[in-house]
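These notes concern the structure reproduced below.
Only the coordinates and a few stated rules stand behind these numbers; no lab work does. A quick note: this is a predicted structure, and the numbers were derived from the prediction, not measured. Neighbour counts run over all protein chains shown; Cβ positions are idealised from the backbone, glycine included.
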Amino acid sequence: MDFIQLFNGVIKLAKPVSAEDSYATSLDDQLADLKLDSLDTIMLAMYVGEIYGVEEDIMREMQVTTVADLQAFLDANKTLTPTDVKAELARVK
């Protein structure tokens with residue numbers, strides 16, 4: 001599954017009005033550079049946590065700076081392994 005595609009789909013859910021301003025193009029993208037405010041970041045964490053089955057209290061400990069860091073955090077703490085971007089986005093919508 002393409003993590004960048006999933007990330008951008010979640011951004012569209014979390015920030016529906018101006019999502020394209022926050023789309024990632026690389027795993028090396030800095031989250032701080034993606035124009036995410038604090039609410040956007042909370043919504044992003046909520047959605048990806050649900051997609052990967054990461055407990056809420058573990059998600060609160062998340063300290064990531066890049067999209068790759070987020071992917072690594074999710075992989076290290078997941079209880080679910082998503083396989084289809086469209087299906088996962090529809091499930092959390």
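When the chain is described by a simple charge dipole with +1 on each Lys and Arg Cβ and -1 on each Asp and Glu Cβ, the residue from N77, V67, A14 located farthest towards its positive end is A14. How high is the relative contact order of region 1-55, in percent, with contacts defined as C-alpha pairs under 8 Å that are six or more residues apart? About 35 percent, as a whole number. Using a 10 angstrom cutoff on alpha carbons, build the Gaussian network for the chain and name the most mobile of S38, S26, S18. The residue with the greatest mean-square fluctuation here is S38. With contributions of -39500 (n - 2.57) from each DSSP H run of at least four residues, the per-residue ellipticity at 222 nm computed over the chain stands at -16000 deg cm²/dmol. Annotation for V64 and D2: the two label points, set 7 Å from Cα along the Cα-Cβ direction, are 1.8 nm apart. Only one of [x] 17, 51, 29, 2; [y] 17, 57, 25, 0; [z] 12, 21, 26, 22, 10, 5, 3, 1 was calculated from the structure for P(r) over Cα pairs in 10 Å bins from 0, in percent, and its label is [y]. Sites counted here are GluC sites (Glu not before Pro) in a DSSP loop (not H, G, I, E or B) having no more than 14 other Cβ atoms within 10 Å; the longest part of the chain that contains none of them is 1-54. When you restrict to C-alpha pairs under 8 Å that are six or more residues apart and normalise by the size of the chain, the relative contact order lands at 34 percent.
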